[in-house]
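K.L.:
Below are the structure tokens for one structure; questions will follow.
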Amino acid sequence: MTEHEARAVITSRLQPGERLLWSDSPRPWKAVQNAPLLRLLFATFFLAFALFWTWGASSAPSKNGSPVAQIFPAFGLIFIGFALYQLWSALQAIIACWETAYGLTDRRVIITIGKDGSTQSLGPGSLGRIERSGDSERGTLKFDLGGPSDWWYTRSWMWKPQPAFVDIRDPAKVEAAIYTHLLSHR
């Protein structure tokens with residue numbers, strides 16, 4: 001997504017009277033490294049294990065003739081279904097990296113996926129500390145939400161990635177703008 005497209009997407013999400021102070025979009029391959037790549041790897045290995053386990057379980061009834069052993073392949077199908085769901089959601093998250101835009105307004109931080117996709121808004125009350133990484137030209141700002149829901153972001157990368165501005169230009173300047181326009185008025 002170009003800088004102009006990112007600005008247009010974020011502008012379309014503004015509330016009446018809200019001012020856009022900054023917008024950007026990540027380089028897609030850098031955004032993929034934030035979490036979807038790990039999810040894809042996990043899902044691939046889990047699917048391989050589930051297929052192997054199901055194959056092994058399906059050959060067990062023929063070896064010992066036990067009627068109870070005939071149920072085990074059904075459990076394998078549940079694992080295969082879960083693995084396919086994880087694989088599909090990881091691929092969707094990777095594709096979404098090409099449609100991600102970030103914005104900072106006088107009221108909130110905005111993260112959008114696609115022109116008509118989801119929008120995540122973080123107001124001053126939901127933002128805790130900000131962790132900056134990278135260099136002065138490009139970097140990442142990770143948002144600590146400062147509440148009990150943070151456990152899911154920090155400990156369970158499979159379910160939901162931590163809210164972040166990934167691979168943005170001039171991260172120190174953006175971080176300063178967030179503190180100036182949002183966090184200093186709490």
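K.L.:
Being of a type in the set (S, T, N, Q), assigned to a helix (DSSP H, G or I) and farther than 14 Å from Ile111 by Cα is the filter; apply it to the range 1-57 and report the residue that is farthest from the chain's Cα centre (by Cα).
P.N.:
Filtering the range 1-57 for residues of a type in the set (S, T, N, Q) gives 2, 11-12, 15, 23, 25, 33-34, 44, 54.
Among the residues that remain, those that are also assigned to a helix (DSSP H, G or I) are: 11-12, 44, 54.
Next, from what is left, pick out any that are farther than 14 Å from Ile111 by Cα: 44, 54.
Numbers: Thr44: 18, Thr54: 30 Å.
Result: Thr54.
To keep it simple, each residue is scored yes or no on (1) touching a strand residue (DSSP E or B) at 6+ places or on another chain (Cβ under 7 Å); (2) surrounded by 18 or more Cβ atoms within 10 Å (Cβ to Cβ); (3) of a type in the set (Phe, Trp, Tyr); (4) not assigned by TED's automatic domain parsing to the domain that holds Arg13.
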position	(1), (2), (3), (4)
Phe72	no, no, yes, yes
Tyr85	no, no, yes, yes
Ile111	yes, yes, no, no
Lys115	no, no, no, no
Ser121	yes, no, no, no
Ile130	yes, yes, no, no
Arg138	yes, no, no, no
Leu141	yes, yes, no, no
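K.L.:
Also, I was wondering about something else. For the range 22-42, does any single residue satisfy the condition of being modelled with pLDDT under 90 and acidic (Asp, Glu)?
P.N.:
No.
K.L.:
Ok, one more. What residue, among those in the range 74-83 that are touching a helix residue (DSSP H, G or I) at 6+ places or on another chain (Cβ under 7 Å) and surrounded by 14 or more Cβ atoms within 10 Å (Cβ to Cβ), is modelled with the lowest pLDDT?
P.N.:
Gly76
K.L.:
Regarding Pro61, is this residue in a helix (DSSP H, G or I), at pLDDT below 75 and not polar (S, T, N, Q)?
P.N.:
Working: in a helix (DSSP H, G or I): yes; at pLDDT below 75: yes; not polar (S, T, N, Q): yes.
So Pro61 passes the test.
K.L.:
Between a first residue in the range 121-138 that is more than 17 Å from Ala177 (Cβ to Cβ) and a second residue that is hydroxyl-bearing (Ser, Thr, Tyr), which pairs have beta carbons less than 7 Å apart while being 6 or more apart in sequence or on different chains?
P.N.:
Partner pairs satisfying both residue conditions: Ser133/Thr140.
The values are calculated or read from the model by the stated rules, or taken from the named source; none is laboratory data. What you are looking at is a predicted structure, and each value in this text was computed from that prediction instead of being measured. Don't worry about glycine lacking a Cβ; one is built from the backbone with ideal geometry, like all the others, and counts go over all protein chains shown.
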